[in-house]
1. I'd like the full set of residues that are surrounded by 21 or more Cβ atoms within 10 Å (Cβ to Cβ), closer than 30 Å to Ile379 by Cβ, within 22 Å of the chain's Cα centre (by Cα) and more than 13 Å from the ligand (Cβ to nearest atom), limited to region 227-286.
2. When region 143-157 is examined, which residues are found to be within 16 Å of the ligand (Cβ to nearest atom) and touching a residue at least 60 places away in the same chain (Cβ under 8 Å)?
3. Is at least one residue of region 301-316 buried (at least 19 other Cβ atoms within 10 Å of the Cβ), more than 22 Å from Tyr394 (Cβ to Cβ), out of contact with any strand residue (DSSP E or B) (no Cβ under 6 Å at 6 or more places or on another chain) and in contact (Cβ under 8 Å) with a residue 12 or more places away in the chain?
4. Of the numbered conditions (1) more than 16 Å from the ligand (Cβ to nearest atom); (2) polar (S, T, N, Q); (3) buried (at least 18 other Cβ atoms within 10 Å of the Cβ), Ser160 fails exactly one; give the number of that condition.
5. Applying the selection to region 54-73, what residues are buried (at least 17 other Cβ atoms within 10 Å of the Cβ), in a helix (DSSP H, G or I) and assigned by TED's automatic domain parsing to the domain that holds Arg166?
6. What are the residue pairs meeting all of these: first residue in region 75-95, first residue on the phi > 0 side of the Ramachandran plot, second residue assigned to a helix (DSSP H, G or I), Cβ atoms under 8 Å, and 6 or more apart or on different chains?
7. Looking at Glu184, Glu214, Glu155, can you tell me which residue is surrounded by fewer than 16 Cβ atoms within 10 Å (Cβ to Cβ), under 22 Å from Leu292 (Cβ atoms) and acidic (Asp, Glu)?
8. Quick check on region 110-133: of everything there that is within 11 Å of the ligand (Cβ to nearest atom) and part of a helix (DSSP H, G or I), which residue is surrounded by the fewest Cβ atoms within 10 Å (Cβ to Cβ)?
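The values are calculated or read from the model by the stated rules, or taken from the named source; none is laboratory data. Only a predicted model underlies this, so the values are computations on that prediction, with no experimental measurement involved. FYI the Cβ positions are ideal-geometry reconstructions off the backbone, even for glycines, and counts take in every protein chain you see.
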Amino acid sequence: MKIADRIERLGTETAFAVSGQAAAWAAKGNKVYPFHLGDMNISTPANIIEAANRAIADGKTGYCPADGIPPLREALARDVGARRGVDYGPQNVAIQPGGKPVIGKFIAAVMNEGDEVLYPNPGYPIYESQIEFFGGVAVPYNYIETDTGFAIDMEKLAASITDKTRILIYNNYQNPISAASKPEEMAELAKLAVKHDLIVLADDAYYEIRYGGEPRSIVAEPGMRERTVVLYTFSKKYAMTGWRLGAAVGPEAIIKIIAKLNVNAESCSNHFIQWAMLEALTGDQSGPQNILNTLKARRDAAVAGLNAIDGINIPTPNSTFYLFPNVTKIMQRKGFTSIDELMTGALQETGVSFCTRNHFGRPLPGETKYFIRLAYSGIDVPEIEAGLAALKTYFEK
Ligand SMILES: Cc1ncc(COP(=O)(O)O)c(C=O)c1O
């Protein structure tokens, strides 16, 4: 069978392959500590579940508008705008079946073939995949490890801008490395975007997964509202990754195109879940607070467990639910030259399953350090403690 050429350019999320390996290891009767996937083992708040059930009983089971039900668009415009200090109305919102579809639809809406797109690497792998699938040139920017976390290599980023650069993809509160921009870094990025007339995707998937301090979005920087689309998702804040609801929020002209892409792709997002999300946004807010409290306790246990390992030293991130320790010293101690050896060895010797840097975009030339990524969104504190104690024994051997 002849397959379309563009499929050769389509990437994927190889983290799902790690799930397969972990599941196969567990199926053989082995204990597995699941640190690999950014999925959640926390229940969706009860008021949201009740609202979804009510909406089904009320017959909200047919098609609805392609860009979403008006009351949800209205409520989300208010919520996203107020939390970022930007003025939005319902015309700025197109509801989506998750946050992820915003990436491909944004690129399809604003990128021409041959356009250069700046994207974070290590980063969420779907950026690289969708840029290349739609015929763009994926231009990676990377992060520098500092004592307080990771910072964007701004010098390199600025140097890679050409007259073909058209788009900047920016994931503050970053997956996989939990990087959070300092205000100066965000302001500098915004200035570059304005200077070079770039359109920006602000992937704010973890904007509200914060353990302290006020979040900041690049859309609030001068000159950014009219050139930025915000990726919004209900998945993480409300622990509802499998429900599939999110939104693109941005300039009306781009939102209209994205809504047209909705008509072509899925007609509309799930109707009754949209009514449940109205409850999520406007009803009792103790659910998301409890979710954050749970995640914070896990973060503290995971950071402590990792820092107890000789050769690992990570700061405590204030956002997301990922840790990205540098394991170069562990690799040297073990005499490994491939990070896959460490990943497979850890699974087989300890049951601890994690992803590595290689699951988050093609490694860049000249990388000499090794990193792994642990997610603590799907594993309880006692298991975090037991898993990381086992990992300590293995890593220090
Ligand atoms: C950086 C980032 N963006 C977007 C998403 C998409 O999430 P969802 O499609 O569940 O809303 C994820 C999910 O892990 C993510 O890590």
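1. Ala280
2. Within region 143-157, just Phe150 meets the criteria.
3. no
4. Checking Ser160 against (1) more than 16 Å from the ligand (Cβ to nearest atom); (2) polar (S, T, N, Q); (3) buried (at least 18 other Cβ atoms within 10 Å of the Cβ), the one that fails is (3).
5. Matches in region 54-73: Leu72, Arg73.
6. These pairs meet every condition: Gly85/Ala220.
7. Glu214
8. Ile126
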